Amino acid sequence: MTTDERVEGLADLLVSTGRLTDPRWRDGLRAVPRHLFAPGRGWAVPDRPVYEGFPIDRRSDPAAWWEAVYTDTAIAIQLDDGASDPQSGTGVWTSSCSAPGIVVIFLQELRPLDHHRVLEVGTGTGWTSGLLTWRLGPGAVTSVEIDEALSAGAAGNLKNAGLSPLLVVGDGAEGYAAGAPYDRVHVTCGVERIPYAWVEQSRPGGVIVLPWSPGWGIGHLAHLTVTGDGRALGRLTGPAGFMMLRSQRRRFGGPERAAEQRGKAVRSAAHLDPRSVIAESPGAEVAIAALVPGVRSHLEAAPDGSLRVWAIEDTGDDPAWACATFEPGRVDHAVYQYGARRLWDEVEAAYLRWVAWGSPDRARFGLTVTPGNQSVWLDRPDRLVA
């Protein structure tokens, strides 16, 4: 199979699944082929209901490598900030070649126009900055990457593709003031607190597209518009699970000291089925994230269908936590709560408040960012949730 055939096959797949809707970005997939930006070795995870990863190596198994590159598959290029072999699949993802489906969704949401200037936060492999440079031309795209080695690798990939955006090594949370004002800001890493520098460096009417990643749930694609009076606001338009901005990273897994603290935890019974607060609706996830601040979720599922849903306080010397259990066939669900906050009580109250609002879906929620504040709202910016 030729490269052109592989590109067309990927484009057809993205069209058939509803991800690729703008034919201009189909042209972009042809002009900026993904294989020029994919690592020779890595860990691939297809966008499928069961996210089973596998190692890829262009030299030892070129067929599997090409299949991963030209399907809707994310490929890890860095684990643990470079401390682990990306082909091992063991470790925390710290950079990747994102799955093409989410890449085209973000680019379509960004809607860059001719002669627009774009700030990208998170260069990674350079593929998305390459696609934006193809669309807008030389001198229009500035991409900031905090990891010097990643930026150097992206520079080589872009050179091979014949593209030359401005690449900057620096903290993306600070943007790049020397290139402002920007018409668009394209963010490729998750953020819970949206850096105000991105608003300051955008012109009025500018658009910021980012993965809003509060601690509860997977994350949400946010489309914000800069108003010109010091604010940016807009709605949540879809799912978006991304690696976090380095300065906003959170721990993974359960509480570090849960085993030794369990004896001090208060046991009770959940009023709700624990599964409802973690997977029933993205709208419920938004409401819980807004109403139970500073808390992240963690899910542990077993092959027999049982699971544990954790609510974990992010900060403090002695963080609170709660763990609610579900076991198939049981009508009661045990809850253990530790610390100064009763986190499961807070989560249940937030969920029921969402139900009382009529169970609004994700698209009815939005964000407003100002110099000193970030707020979540329902339906209108003046109807604040928290």
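List of remarks:
- Unmet requirement for ALA322, which otherwise passes all of (1) out of contact with any Ser or Thr (no Cβ under 8 Å at 6 or more places or on another chain); (2) more than 17 Å from GLY217 (Cα to Cα): (2)
- Among (1) within 28 Å of GLN261 (Cα to Cα); (2) under 26 Å from the mean Cα position of the chain (by Cα); (3) in a loop (DSSP other than H, G, I, E, B); (4) not hydroxyl-bearing (Ser, Thr, Tyr), the one test that ALA340 misses: (2)
- When the test is whether a residue is in a loop (DSSP other than H, G, I, E, B) and either within 24 Å of the chain's Cα centre (by Cα) or among the acidic types (Asp, Glu) (or both), PRO360 passes it.
- Summed over the range 164-191, the residues that are of a type in the set (A, V, I, L, M) and buried (at least 22 other Cβ atoms within 10 Å of the Cβ) give a count of 3.
- Residue, nearest to TRP377 (Cα to Cα), within the range 258-310, restricted to residues that are among the hydrophobic types (A, V, I, L, M, F, W, C), without any contact (Cβ under 8 Å) to a residue 40 or more places away in the chain and not in a loop (DSSP other than H, G, I, E, B): ALA279
- For the residues ARG267, ARG251, ARG296, the requirement of being at negative phi, among the basic types (Lys, Arg) and buried (at least 16 other Cβ atoms within 10 Å of the Cβ) singles out ARG296.
- Yes/no for GLY329 being over 27 Å from GLY122 (Cβ atoms), part of a helix (DSSP H, G or I) and small (Gly, Ala, Ser): no
- Close pairs (7 angstrom Cβ cut-off, 6 or more residues apart or separate chains): farther than 21 Å from ILE105 by Cα and touching a residue at least 40 places away in the same chain (Cβ under 8 Å) in the range 221-237, part of a strand (DSSP E or B) and among the charged types (D, E, K, R) anywhere: none
- Look at (1) farther than 19 Å from HIS35 by Cβ; (2) of a type outside the set (Ser, Thr, Tyr); (3) surrounded by 22 or more Cβ atoms within 10 Å (Cβ to Cβ) and you find that TRP127 fails only one, number (1).
- Criterion violated by PRO204 - all others in (1) within 22 Å of the chain's Cα centre (by Cα); (2) part of a strand (DSSP E or B) satisfied: (1)
- Filtered by the rule that a residue be in a loop (DSSP other than H, G, I, E, B) and either of a type in the set (D, E, K, R) or under 20 Å from LEU150 (Cβ atoms) (or both), the range 182-201 gives THR188, CYS189, GLU192, ARG193, PRO195.
- With respect to the conditions (1) assigned to a helix (DSSP H, G or I); (2) under 16 Å from the mean Cα position of the chain (by Cα); (3) surrounded by fewer than 20 Cβ atoms within 10 Å (Cβ to Cβ), VAL45 falls short on a single one, namely (1).
- All conditions but one from (1) within 24 Å of ARG249 (Cβ to Cβ); (2) over 25 Å from the mean Cα position of the chain (by Cα); (3) in contact (Cβ under 8 Å) with a residue 12 or more places away in the chain apply to GLU313; the one that does not is (2).
- Residue check, GLY217 assigned to a loop (DSSP other than H, G, I, E, B), in contact with a Pro (Cβ under 8 Å, 6 or more places away or on another chain) and outside the structural domain of VAL309 (by TED's automatic domain parsing): yes
- Taking the range 94-121 as the range and being surrounded by fewer than 19 Cβ atoms within 10 Å (Cβ to Cβ) and not in a loop (DSSP other than H, G, I, E, B) as the test, the residues that pass are GLN108, GLU109.
- Scanning the range 7-33 for residues that are surrounded by fewer than 14 Cβ atoms within 10 Å (Cβ to Cβ) and among the small types (Gly, Ala, Ser) turns up GLY9, SER16, GLY18.
- Test: ASP61 is modelled with pLDDT of 95 or more, among the acidic types (Asp, Glu) and over 28 Å from THR21 (Cβ atoms): yes
- Filter pass, ALA63 being touching a residue at least 24 places away in the same chain (Cβ under 8 Å) and either acidic (Asp, Glu) or assigned by TED's automatic domain parsing to the domain that holds SER88 (or both): no
- Tally, over the range 123-145, of residues that are farther than 17 Å from GLY28 by Cα and touching a helix residue (DSSP H, G or I) at 6+ places or on another chain (Cβ under 6 Å): 5
- Of the criteria (1) outside any loop (DSSP other than H, G, I, E, B); (2) in contact with a Ser or Thr (Cβ under 7 Å, 6 or more places away or on another chain), which one VAL347 fails: (2)
- Qualifying positions in the range 279-289 - over 17 Å from the mean Cα position of the chain (by Cα) and crowded, with 22+ Cβ neighbours inside 10 Å: ALA284, ALA287, ILE288
The values are calculated or read from the model by the stated rules, or taken from the named source; none is laboratory data. None of these values were measured; they are calculated from a predicted model. Positions of Cβ are backbone-derived with ideal geometry, glycine not excepted, and every protein chain shown enters the neighbour counts.
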